[in-house]
Amino acid sequence: MTSVLWSPIDLGDIHLEHRLAMAPMTRARSTLKGVPTEMNARYYAQRSTMAVIITEGTQPSEDGQGYQMTPGIYSPSQIEGWRLVTDAVHEAGGKIIIQLMHTGRIAHPLNRFHGRQPVSPSEVKPAGLMNTSVGRFEMPRPRSLSAHEIATTVSDHRHAAAAAIAAGADGVEIHAANGYLIHQFLSDNANVRTDEYGGSVENRIRFALEVASGVAEEIGGSRTGIVISPGNPLNDIVEHDVGELYGALVPELSALGLAYLNLVHSGDEELAISIRRNWTGALLLNRRGADLETRINDVENGFADVITVGQQALANPDLVARIKVGAPLNEVDHSTFYGGDERGYLDYPTMHAFANQFSSVDS
């Protein structure tokens with residue numbers, strides 16, 4: 001196996017022993033009030049041999065929640081819940097970064113304990129259905145954030161970042177991808193504002209830069225990462241000027257001295273190369289849909305500094321050990337991705353469990 005993959009690297013102040021990281025994945029198994037539980041702690045601790053764990057999207061405020069039973073990081077009880085998780089991961093020798101995710105218009109009042117209307121850059125209703133406890137419904141038309149509320153949302157991210165560090169996280173990742181709030185500001189269909197946050201590329205990247213600079217100022221750029229997904233149409237996003245948009249955004253983010261940029265690669269190789277050229281720090285890469293060999297080659301050839309994997313880490317708590325010895329991987333159970341109990345969450349077997357099972361049969 002390539003020596004580069006297993007070589008150490010620093011993401012700012014976050015030291016990694018190797019280059020295979022766990023990608024953030026929503027699992028919807030916290031409490032209704034967004035408090036992580038002992039079950040969540042066990043799940044993340046099981047995967048602590050990954051170079052670093054980037055957690056599921058975690059709302060920085062009440063209005064940041066879009067889905068049921070997703071965790072938050074803005075209240076004292078949520079900080080205590082995350083402390084269970086970070087302690088468990090650190091005790092197992094791992095590193096953990098909490099991802100801050102404001103879903104914006106991708107939400108439904110039935111999934112939020114306060115029941116309020118979702119917010120967004122503009123009053124543009126997203127296409128698609130949202131799962132709730134009583135069925136699937138169209139997402140409602142969101143309420144447009146005022147300039148004052150935008151400033152408050154930046155402050156919410158700062159507060160959440162400080163709370164994440166207080167909860168023991170090694171750093172935070174800002175979610176600016178996959179059609180959620182920051183990505184909505186970047187897009188030219190979700191954002192039809194006519195003020196300083198809409199219209200031109202310079203205006204549409206403003207909110208992302210304000211959040212990133214605010215979080216970096218709050219906890220230090222060396223503990224702050226950000227994830228982007230250029231050209232990704234997920235959650236009804238359109239970016240007609242994707243090259244110009246990210247050609248402007250990435251150098252501005254790079255100038256902030258962040259710990260890393262996490263790039264979700266959607267297939268545009270030329271764009272990815274351009275982003276890599278414009279980013280001076282560590283680059284994490286999630287090449288969606290690619291096999292492990294292709295992903296590992298991105299580290300081997302120097303295109304990525306760290307690779308992130310999702311479903312492989314979800315289904316294989318001992319993924320690092322399996323890759324090192326060339327062992328087969330567990331099958332992924334898609335039916336248990338979101339919500340539920342320990343099934344499909346804590347019960348994926350390790351190689352050691354398989355060995356014990358065969359040993360028992362042989363004896």
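The values are calculated or read from the model by the stated rules, or taken from the named source; none is laboratory data. This is a predicted model, so every value here is computed, not measured. Here Cβ is always computed from backbone atoms with ideal geometry, including for glycine, and neighbour counts include all displayed protein chains.
Quick one: in the range 330-348, of everything that is surrounded by fewer than 17 Cβ atoms within 10 Å (Cβ to Cβ) and touching a helix residue (DSSP H, G or I) at 6+ places or on another chain (Cβ under 6 Å), which residue is nearest to GLU17 (Cα to Cα)?
So, considering only residues that are surrounded by fewer than 17 Cβ atoms within 10 Å (Cβ to Cβ) and touching a helix residue (DSSP H, G or I) at 6+ places or on another chain (Cβ under 6 Å), the one nearest to GLU17 (Cα to Cα) is LEU346.
Got a number for residues in the range 75-84 being part of a helix (DSSP H, G or I) and surrounded by fewer than 24 Cβ atoms within 10 Å (Cβ to Cβ)?
Going through the range 75-84 one residue at a time, the tally reaches 6.
Scan the helices (runs of 4 or more DSSP H) fully inside the range 214-316 and keep the ones with 2 or more residues being crowded, with 17+ Cβ neighbours inside 10 Å and within 17 Å of the chain's Cα centre (by Cα).
Hits in the range 214-316: 311-315.
So how many residues does the range 118-129 have that are in contact (Cβ under 8 Å) with a residue 40 or more places away in the chain and not in a loop (DSSP other than H, G, I, E, B)?
Total satisfying the criteria: 2.
Of (1) aliphatic (A, V, I, L, M); (2) farther than 20 Å from ILE54 by Cα; (3) assigned to a helix (DSSP H, G or I), ALA321 satisfies all except one. Which?
Looking at each condition in turn, ALA321 falls short on (2).
Can we say ASN178 is under 13 Å from the mean Cα position of the chain (by Cα) and of a type in the set (S, T, N, Q)?
Yes, satisfied.
Being of a type in the set (Val, Ile, Thr) and in a helix (DSSP H, G or I) is the filter here; which residues of the range 193-213 pass it?
VAL201, VAL211
Taking interchain pairs and intrachain pairs at least six residues apart, which have beta carbon atoms under 6 angstrom, with the first residue in the range 130-156 and closer than 25 Å to ASP195 by Cα and the second in a strand (DSSP E or B) and at pLDDT 95 or above?
Hits for this filter: PRO142/VAL119; PRO142/SER120; ARG143/VAL119; LEU145/VAL119.
When the range 100-112 is examined, which residues are found to be of a type outside the set (Ser, Thr, Tyr) and either in a loop (DSSP other than H, G, I, E, B) or surrounded by fewer than 24 Cβ atoms within 10 Å (Cβ to Cβ) (or both)?
MET101, HIS102, GLY104, ARG105, ILE106, ALA107, HIS108, PRO109, LEU110, ASN111, ARG112, listed by residue number.
Look at GLY115 and say whether it is at pLDDT below 95, assigned to a loop (DSSP other than H, G, I, E, B) and in contact with a helix residue (DSSP H, G or I) (Cβ under 7 Å, 6 or more places away or on another chain).
Against the criterion (at pLDDT below 95, assigned to a loop (DSSP other than H, G, I, E, B) and in contact with a helix residue (DSSP H, G or I) (Cβ under 7 Å, 6 or more places away or on another chain)), GLY115 qualifies.
Tell me, which residue of the range 85-99 that is in contact with a helix residue (DSSP H, G or I) (Cβ under 8 Å, 6 or more places away or on another chain) and surrounded by 24 or more Cβ atoms within 10 Å (Cβ to Cβ) is farthest from ALA176 (Cα to Cα)?
Among residues in the range 85-99 that are in contact with a helix residue (DSSP H, G or I) (Cβ under 8 Å, 6 or more places away or on another chain) and surrounded by 24 or more Cβ atoms within 10 Å (Cβ to Cβ), the one farthest from ALA176 (Cα to Cα) is VAL89.
Select, from ALA208, ALA169, ALA177, the only residue that is among the aliphatic types (A, V, I, L, M) and either farther than 30 Å from ALA88 by Cα or touching a Gly at 6+ places or on another chain (Cβ under 9 Å) (or both).
Of ALA208, ALA169, ALA177, the one residue that is among the aliphatic types (A, V, I, L, M) and either farther than 30 Å from ALA88 by Cα or touching a Gly at 6+ places or on another chain (Cβ under 9 Å) (or both) is ALA208.
Just the residues that are over 15 Å from ALA272 (Cα atoms) and among the charged types (D, E, K, R), please, taken from the range 242-259.
Across the range 242-259, the qualifying residue is only GLU252.
Report the residue count in the range 126-150 for those that are out of contact with any Ser or Thr (no Cβ under 8 Å at 6 or more places or on another chain), among the aliphatic types (A, V, I, L, M) and under 18 Å from GLN59 (Cβ atoms).
Residues that pass the stated criteria total 3.
Quick one: which strands (runs of 3 or more DSSP E) lie wholly within the range 12-74 and hold at least 2 residues that are at pLDDT 95 or above and buried (at least 22 other Cβ atoms within 10 Å of the Cβ)?
Of the strands (runs of 3 or more DSSP E) lying wholly inside the range 12-74, those with at least 2 residues that are at pLDDT 95 or above and buried (at least 22 other Cβ atoms within 10 Å of the Cβ) span 20-22, 53-58.
In the range 163-192, which residues are surrounded by fewer than 19 Cβ atoms within 10 Å (Cβ to Cβ), over 19 Å from ILE98 (Cα atoms) and touching a residue at least 60 places away in the same chain (Cβ under 8 Å)?
Correct list: ASN189, VAL192.
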